[in-house]
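To keep things clear, I will list the structure first and then write my remarks on it.
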Amino acid sequence: MISVMSSRERMQAAYENRPADRWPFVPSIYEHGARVLGCAPVDAARSADAMAQAAIASWETYRHDLVTVGIDIYNIEAEAFGCRVSSGDHASIPGIVSHPLADQDELNPDVLTLPQPGPANRLGLIVEASARVRARIGGEVWVNGCMGGPFSQAVELRGFENLVADMREAPERVHALLEKTTALSLQQAARLSEAGCGVNLFESWATIPLIDPPTFGAYVVPYNKRILETILSRFRTPPPSLIMGGNTARLMDHFIEARTSLVVADFNTDFDFMRAKTAGRRMMVRGCVDPKLIEKADWPRVEEQAAKLAAKARGMNNFVWGCGAVSYNTRPEDLLRFREVCLRQSPSRSSS
């Protein structure tokens, strides 16, 4: 039997593929943190104090094993490069509404200036919020700051259809754009790491079926690998993660190459394949229940998905419970019930 672990110990064990007292619980809490705090997402998104309080209040409510700091997590870097962001309404997060490079007849990333933290952007704000959360609860739980990845930044700057066309007609220009977005990512990752925080690097625009595995290998992996390896070589922080949804099983060799510490997988994923691919590696597999079912309080289907995940993950030391982004409209009592479902399905190895 294993003694009851702290969240930090539990996540470290899962990362190292060692047995823990139970599987970690890691829901994706971003704008939902504003609900827990009692404010609108747009207000939490533009205040370091409110963003930090939202993350801390969420952890105090749910005691999840990894705390991620951010609200509109895909927008910060793209906004700093010049994408305009909407104000959002009471329950929705801000979103990108303009693409500065979309009107170019030929992609020219040279017009972009590498942004630095300042009053015109939120690069420093999210670092400050993450540092505040780590100072408050970092002794008990891993704290990760959120970042948009280089490929997803490029999509927001150029527009998805334009960028796909560029990859066919002018691949060297796409790589030049990715060099710019990677430079910003490296700077922002260093700022978060210097504050003692881990990094979640989100590549939502790189998911299958939006792009295929060869495109992922050519335009996503080299740049994310550079960022993750830089963090791993320079900092002793929680290990960085490359986060995206979709059919991640088809990309496992690429995730291994990029050295991500965590791969997201939904309940339909082939976990025998994931187990084999991650055997002996420092890499967690986060099995995800559909967050819409939690928002709807559809407990029969939540229980069904959780049971399937538990059965598929049996024997995996590196399995982590999770779900997609928890909506602002999800009631805290329902996320707490989801936590109970996950813990009940976890193999208990602890001795009190």
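The values are calculated or read from the model by the stated rules, or taken from the named source; none is laboratory data. This structure is a prediction, so every number in the text was calculated from the model and none was measured. We place every Cβ from the backbone using ideal geometry, glycine too, and count neighbours over all the protein chains shown.
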- Would you check if there is a residue in the stretch 120-131 being part of a helix (DSSP H, G or I), surrounded by 20 or more Cβ atoms within 10 Å (Cβ to Cβ) and of a type in the set (S, T, N, Q)? yes
- Just a yes or no: is a residue in the stretch 232-246 buried (at least 18 other Cβ atoms within 10 Å of the Cβ), part of a strand (DSSP E or B) and touching a residue at least 60 places away in the same chain (Cβ under 8 Å)? yes
- Among the candidates Gly280, Gly287, single out the residue that is surrounded by fewer than 16 Cβ atoms within 10 Å (Cβ to Cβ) and closer than 18 Å to Glu16 by Cα. Gly280
- When residues of the stretch 79-138 are filtered for being under 21 Å from Ser58 (Cα atoms) and among the hydroxyl-bearing types (Ser, Thr, Tyr), how many remain? 2
- Which of the residues belonging to the stretch 76-106 are modelled with pLDDT of 95 or more, in a loop (DSSP other than H, G, I, E, B) and closer than 26 Å to Val26 by Cα? none
- Task: Take the residues in the stretch 134-150 that are touching a helix residue (DSSP H, G or I) at 6+ places or on another chain (Cβ under 8 Å) and aliphatic (A, V, I, L, M), then tell me which one is surrounded by the fewest Cβ atoms within 10 Å (Cβ to Cβ).
- Result: Ile137
- Query: Which members of the stretch 203-231 meet the condition of being buried (at least 20 other Cβ atoms within 10 Å of the Cβ) and either polar (S, T, N, Q) or not in a helix (DSSP H, G or I) (or both)?
  - Reply: Glu203, Ile211, Val220, Asn224
- Note on the structure: Within the stretch 142-162, restricting to residues that are touching a residue at least 12 places away in the same chain (Cβ under 8 Å) and over 18 Å from the mean Cα position of the chain (by Cα), the one that is farthest from Ile227 (Cα to Cα) is Asn162
- Task: Only residues that are among the polar types (S, T, N, Q) and closer than 18 Å to Glu333 by Cβ: list them for the stretch 46-62, please.
- Result: Ser58, Thr61
- Message: When you check Arg8 against the structure, is it surrounded by fewer than 20 Cβ atoms within 10 Å (Cβ to Cβ), under 21 Å from Leu192 (Cβ atoms) and either modelled with pLDDT of 95 or more or more than 19 Å from the chain's Cα centre (by Cα) (or both), yes or no?
- Response: yes
- When the stretch 292-311 is checked residue by residue, the ones that are surrounded by 21 or more Cβ atoms within 10 Å (Cβ to Cβ) and touching a residue at least 40 places away in the same chain (Cβ under 8 Å) are Ile294, Leu309
- Item | Count - residues of the stretch 56-78 that are surrounded by fewer than 23 Cβ atoms within 10 Å (Cβ to Cβ) and acidic (Asp, Glu) | 1
- Query: Out of (1) part of a loop (DSSP other than H, G, I, E, B); (2) closer than 18 Å to Asn144 by Cα; (3) touching a helix residue (DSSP H, G or I) at 6+ places or on another chain (Cβ under 7 Å); (4) hydrophobic (A, V, I, L, M, F, W, C), the odd one out for Ile73 is which?
  - Reply: (3)
- Query: Would you pick out the residues in the stretch 313-348 that are in contact (Cβ under 8 Å) with a residue 60 or more places away in the chain, closer than 23 Å to Asp72 by Cβ and of a type in the set (Lys, Arg)?
  - Reply: none
- When Thr237 is run through (1) modelled with pLDDT of 95 or more; (2) out of contact with any strand residue (DSSP E or B) (no Cβ under 9 Å at 6 or more places or on another chain), the failure sits at (2)
- Query: Can you tell me how many residues in the stretch 30-46 are out of contact with any Leu (no Cβ under 8 Å at 6 or more places or on another chain) and either small (Gly, Ala, Ser) or part of a loop (DSSP other than H, G, I, E, B) (or both)?
  - Reply: 8
- Task: Residues being closer than 21 Å to Ala325 by Cβ and in contact (Cβ under 8 Å) with a residue 60 or more places away in the chain: count how many of those fall in the stretch 199-231.
- Result: 5
- Residue that is farthest from Arg286 (Cα to Cα) [pool: residues in the stretch 3-38 that are free of Cβ contacts under 8 Å to residues at least 40 places away in the same chain and in contact with a helix residue (DSSP H, G or I) (Cβ under 6 Å, 6 or more places away or on another chain)]: Leu37
